[in-house]
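Report on the following structure.
The values are calculated or read from the model by the stated rules, or taken from the named source; none is laboratory data. As the structure is a computational prediction, the values presented were derived from the model and not from experiment. Glycine gets a Cβ as well: all are built from the backbone with ideal geometry, and neighbour counts include every protein chain shown.
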Amino acid sequence: MQAAAALGGTISSGALAAFAACTAAMASRSHPAGRAVRLHRAAFLPGGPTHGAGFGLLLTALGMAGHRTGQLPPPLASAALASAVPNLLAPIYLVMADVGVADPRRALPLA
């Protein structure tokens, strides 16, 4: 359980750091449209599905440990497990994007 929590926390925080770096690069100065779109797309993967999967793993480990040990009140442990579900499902977006469902690449024109 500790390994899952550590792995989830590492993935989640690393993904947010990568997202922050891409976002800071976008905000630091004006970019040509093509580069701005590439930076936006590069920020999406770590900031969205990757962070969601890592955070979901962390929430699952914490919720299960909270139920098992009794260190968390049952409603809080259950809320952690319930919150983990959509986060763990976040990478499914990448598959759905390939079939044209909610694809952010189509929302940004390639100038």
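Quick notes on this structure:
- Considering the conditions (1) more than 21 Å from Q2 (Cβ to Cβ); (2) surrounded by fewer than 20 Cβ atoms within 10 Å (Cβ to Cβ), Q71 is excluded by exactly one of them, (1).
- Qualifying residue in the range 5-19 (condition: among the β-branched types (V, I, T) and over 29 Å from R68 (Cα atoms)): no
- Residue in the range 43-62 that is over 20 Å from the mean Cα position of the chain (by Cα) and either free of Cβ contacts under 8 Å to residues at least 60 places away in the same chain or at positive phi (or both) present: no
- Qualifying residue in the range 57-64 (condition: surrounded by fewer than 18 Cβ atoms within 10 Å (Cβ to Cβ), modelled with pLDDT of 95 or more, part of a helix (DSSP H, G or I) and not hydroxyl-bearing (S, T, Y)): yes
- Answer residue from the range 1-53, given it is hydroxyl-bearing (S, T, Y) and assigned to a helix (DSSP H, G or I) and is farthest from A84 (Cα to Cα) among those: S28
- Test result for T50, at pLDDT 85 or above and loosely packed, with under 13 Cβ neighbours inside 10 Å: no
- Per the conditions (1) touching a helix residue (DSSP H, G or I) at 6+ places or on another chain (Cβ under 8 Å); (2) over 19 Å from G9 (Cβ atoms); (3) of a type in the set (S, T, N, Q), the sole criterion not satisfied by T50 is (2).
- Odd one out for V37 among (1) more than 20 Å from the chain's Cα centre (by Cα); (2) in contact (Cβ under 8 Å) with a residue 60 or more places away in the chain: (1)
- Residue within the range 86-99 that is assigned to a helix (DSSP H, G or I), surrounded by 15 or more Cβ atoms within 10 Å (Cβ to Cβ) and β-branched (V, I, T) present: no
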